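The values are calculated or read from the model by the stated rules, or taken from the named source; none is laboratory data. All of these numbers come straight from a predicted model, not from anything done at the bench. So basically every Cβ, Gly included, is an ideal-geometry build from the backbone, and we count neighbours across all protein chains shown.
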């Protein structure tokens, strides 16, 4: 078995490796996981635009819109009310826009692990994410451990969703637990599945124009599809989503702790976004989340706050299994 560990720090990029799997992180660009390579095969969405500096107000599609970012304190752009007044949260949150810092602790190099820390600007929140890569029988596992802290002097609302854009091709398949038979529609390009807020059957869904579609089956990259869906509240046996990629001989399984992050968002995009000329995403993003909606301004039983100095921790795992 090949030695694992942090094997390079090039142009502020951090590379961790275990055998034939390598993960590249970009602390200076929002802590982005920019690449997951297995035997030279890239698993994440390539940049739509050149990677470059971000601003606090630019839209997500004005950036590279690639790889894996963290959406916090909201996925959707919104205004929220706090004890210190109204706060504006930009598109896809704060964290993908700011430089993260590498944290030194313990023998992370020997463990194939790296901890990065990013601070929000719309609300006084800071997150630490420890990424650990290891080789295992039949594949590899990427563990991600999160710690969120309220660094301010007043209570703040928050929500989080992972944003891993896994590249796909026609014929790949999305697999959810058998107990999941329907999803809530957050939005659908051209309203092909109906209006936001409606219920969509899984995996065979009705099209607004008539007929049916198999949502579990990845379509061609020129299909013009862009749908965002959410599960309802998940239990401990429903804590996963898998992406089967026969041509890559891989099964990518995302798992998470439903006691901490009890929802799963599902972004499926086959050439349907961005809504402008130029390159499009062709990806599936299984997104463990704290809420079943994109906007922090939409409140419900899922809504969360942190008191000054309070922290919250959670984990997620990604298994790359050879088929």
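A few points about this structure:
Okay, residues lined up against (1) without any contact (Cβ under 8 Å) to a residue 24 or more places away in the chain; (2) crowded, with 22+ Cβ neighbours inside 10 Å:
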position	(1), (2)
213	yes, no
224	no, no
228	no, yes
253	no, no
265	no, yes
291	no, yes
302	no, no
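- Residue under evaluation residue 162, criteria (1) in contact (Cβ under 8 Å) with a residue 40 or more places away in the chain; (2) surrounded by fewer than 14 Cβ atoms within 10 Å (Cβ to Cβ), criterion not met: (2)
- Test: residue 125 is surrounded by 19 or more Cβ atoms within 10 Å (Cβ to Cβ), in contact (Cβ under 8 Å) with a residue 24 or more places away in the chain and under 17 Å from the mean Cα position of the chain (by Cα): no
- Checked against (1) in contact with a helix residue (DSSP H, G or I) (Cβ under 6 Å, 6 or more places away or on another chain); (2) in contact (Cβ under 8 Å) with a residue 60 or more places away in the chain; (3) surrounded by fewer than 19 Cβ atoms within 10 Å (Cβ to Cβ), residue 208 passes all but condition (2).
- From 281, 310, residue being more than 26 Å from residue 151 (Cα to Cα) and in contact with a strand residue (DSSP E or B) (Cβ under 6 Å, 6 or more places away or on another chain): 281
- Qualifying positions in segment 265-323 - farther than 24 Å from residue 255 by Cα, part of a loop (DSSP other than H, G, I, E, B) and under 19 Å from the mean Cα position of the chain (by Cα): 272, 273, 274, 280
- Residue check for residue 240: surrounded by 17 or more Cβ atoms within 10 Å (Cβ to Cβ), touching a strand residue (DSSP E or B) at 6+ places or on another chain (Cβ under 7 Å), under 21 Å from residue 61 (Cβ atoms) and modelled with pLDDT of 95 or more: no
- Counted as qualifying within segment 17-122 are the strands (runs of 3 or more DSSP E) with 3 or more residues that are under 18 Å from residue 147 (Cα atoms), namely 68-71, 101-103, 113-119.
Table: residues versus (1) surrounded by fewer than 23 Cβ atoms within 10 Å (Cβ to Cβ); (2) at pLDDT 95 or above; (3) in contact with a helix residue (DSSP H, G or I) (Cβ under 9 Å, 6 or more places away or on another chain); (4) within 30 Å of residue 17 (Cβ to Cβ).
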residue	(1), (2), (3), (4)
63	no, yes, yes, yes
66	yes, yes, no, yes
70	no, yes, yes, yes
76	yes, yes, no, no
83	yes, no, no, no
92	no, yes, yes, yes
95	no, yes, no, yes
103	yes, no, no, yes
109	yes, no, no, yes
